[in-house]
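Undergrad: Encoded as structure tokens, here's the structure I'll be asking about.
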Amino acid sequence: MSAAQLAQALAILDRPADMNLLVGVNTADDAGVYKISENSAIVYTIDILTPVVRNPYIYGQIVAANSISDIYAMGGEPKLALNIMGFPGNGDPETMGEILRGGQDKAKEAGVLIIGGHTFVADEIKYGLSVIGYIHPDKIITNANAKPDDLIILTKPLGTGVIVQSVLAGKKQGVDLNPVLKTMTMLNRDASVAMRKAAAHAATDVTGFGLAGHLVEMAEGSRVGIEIELARLPIHEKVIELLKQGIEDPGITMNRGSFAERVVGKGADDLRAKLIFSSETSGGLIIVLPEEKLDVFKKHYNGLAPVIGRVTKENPGKVIVQ
């Protein structure tokens, strides 16, 4: 479902009203946050994916990392989860078990306890987690607090959607999947800890709506403009080559239809400009922080974290691509 279709569906609903609801649906954030005491709030999210790799154990790991990421993106500590599994009625129970084992092992790595779940019969496999975490009400990091002159950091390479599509189509053509699988199964925990240490103003993770879509949501929620430089984007090896061969994931068309009017300019490299609309699976965090806090972030985070752009007061609600 595209962002536009989702917005149309949600427009029918009344917005929840509760004095303890600290983050709801108003800014399309990664998770909801509900205050339970002066010093504690719960962060609550759910996500579900169809298979992106053939190995059921690795698929389970990717799904868990992707689902738990929403808690990290809010600056929270994930604690509990429930499995959600759609599985064919004549499917292999061993395959189901391996998927669940992958999810359980990745959740354990994150310090998350899976306490049950729900299964249903489906034509194709679907797996996800509903995750609860904790956060101090005064330390929530939303996607709606970016400030002019802040820097924008991205913590994982782009291109997983294109690579997954090449594998599913049998056209991976020399792509080394190991570094791609490593990033998709990697928790965003360390980046989340570092952004908290650096007092980040805003954050979100990059998933189905692609880099462009999630940046548009941040620009609109924060009422700022966002500028990104295509040349600074981290990209998985071979992705541009795959795009040159016409291999794209369906998210590019979907996300262009939803967000293209709010993304201005293309720069010299059209393929990189196309890639920012590609859906990502278990992508990295977009972290927004003051320039003077960049060294603090890098002191606490040793992973990939290039500065890809800056927040501006001009062009509120839009992403400017250079």
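The values are calculated or read from the model by the stated rules, or taken from the named source; none is laboratory data. The model shown is predicted, which means the values in this text are computed figures rather than measured ones. Every residue, glycine among them, receives a Cβ derived from its backbone with ideal geometry; neighbour counts consider all protein chains shown.
Undergrad: Among the strands (runs of 3 or more DSSP E) lying completely within region 108-189, list those that include at least 3 residues that are within 30 Å of Glu241 (Cβ to Cβ) and at pLDDT 95 or above.
TA: Working: elements: 113-121, 126-135, 151-154.
Passing ranges, in order: 151-154.
Undergrad: Which of the residues that make up region 249-279 are surrounded by fewer than 17 Cβ atoms within 10 Å (Cβ to Cβ) and not hydrophobic (A, V, I, L, M, F, W, C)?
TA: Once the filter is applied, which keeps residues that are surrounded by fewer than 17 Cβ atoms within 10 Å (Cβ to Cβ) and not hydrophobic (A, V, I, L, M, F, W, C), region 249-279 yields Pro250, Thr253, Gly257, Glu261, Gly265, Lys266, Gly267, Asp269, Asp270.
Undergrad: With (1) closer than 26 Å to Met254 by Cα; (2) crowded, with 19+ Cβ neighbours inside 10 Å as the list, and Gln8 as the residue in question, which single condition is left unmet?
TA: The one condition Gln8 does not meet is (2).
Undergrad: For region 286-320, give me each residue that is in a helix (DSSP H, G or I) and in contact with a strand residue (DSSP E or B) (Cβ under 7 Å, 6 or more places away or on another chain).
TA: Across region 286-320, the qualifying residues are Glu291, Leu294, Phe297.
Undergrad: Is there a residue in region 214-229 that is over 30 Å from Leu22 (Cβ atoms), part of a loop (DSSP other than H, G, I, E, B) and of a type outside the set (Phe, Trp, Tyr)?
TA: yes
Undergrad: Just to check your reading of the model, which residue among Val43, Val52, Val33 is of a type in the set (Val, Ile, Thr) and modelled with pLDDT under 95?
TA: Val52
Undergrad: Collect the residues in region 223-237 that are farther than 27 Å from Asn315 by Cβ and either touching a Gly at 6+ places or on another chain (Cβ under 7 Å) or of a type in the set (Gly, Ala, Ser) (or both), keeping them in residue-number order.
TA: His236
Undergrad: Among the numbered criteria (1) assigned to a loop (DSSP other than H, G, I, E, B); (2) buried (at least 18 other Cβ atoms within 10 Å of the Cβ), which single criterion is violated by Gly246?
TA: All conditions pass for Gly246, except number (2).
Undergrad: Looking at Ser37, Ser69 in this structure, which one is under 22 Å from Ile287 (Cβ atoms) and either assigned by TED's automatic domain parsing to the domain that holds Val180 or not acidic (Asp, Glu) (or both)?
TA: Only one candidate passes the filter, namely Ser69.
Undergrad: Also, I was wondering about something else. Give the residue that is surrounded by the most Cβ atoms within 10 Å (Cβ to Cβ), with candidates limited to residues of region 27-54 that are touching a residue at least 40 places away in the same chain (Cβ under 8 Å) and polar (S, T, N, Q).
TA: Residue satisfying both the conditions and the ranking: Thr45.
Undergrad: Residues that are touching a Phe, Trp or Tyr at 6+ places or on another chain (Cβ under 6 Å) and closer than 29 Å to Val23 by Cβ: does region 120-143 have at least one?
TA: The answer is yes, given that some residue of region 120-143 is touching a Phe, Trp or Tyr at 6+ places or on another chain (Cβ under 6 Å) and closer than 29 Å to Val23 by Cβ.
Undergrad: Suppose we filter Ile62, Ile58 for residues that are part of a helix (DSSP H, G or I) and within 17 Å of the chain's Cα centre (by Cα); which single one remains?
TA: Sole residue among the options that is part of a helix (DSSP H, G or I) and within 17 Å of the chain's Cα centre (by Cα): Ile62.
Undergrad: Run Ser282 past the list (1) crowded, with 16+ Cβ neighbours inside 10 Å; (2) assigned to a loop (DSSP other than H, G, I, E, B); (3) on the phi < 0 side of the Ramachandran plot and report the number of the one that doesn't hold.
TA: Ser282 satisfies every listed condition except (3).
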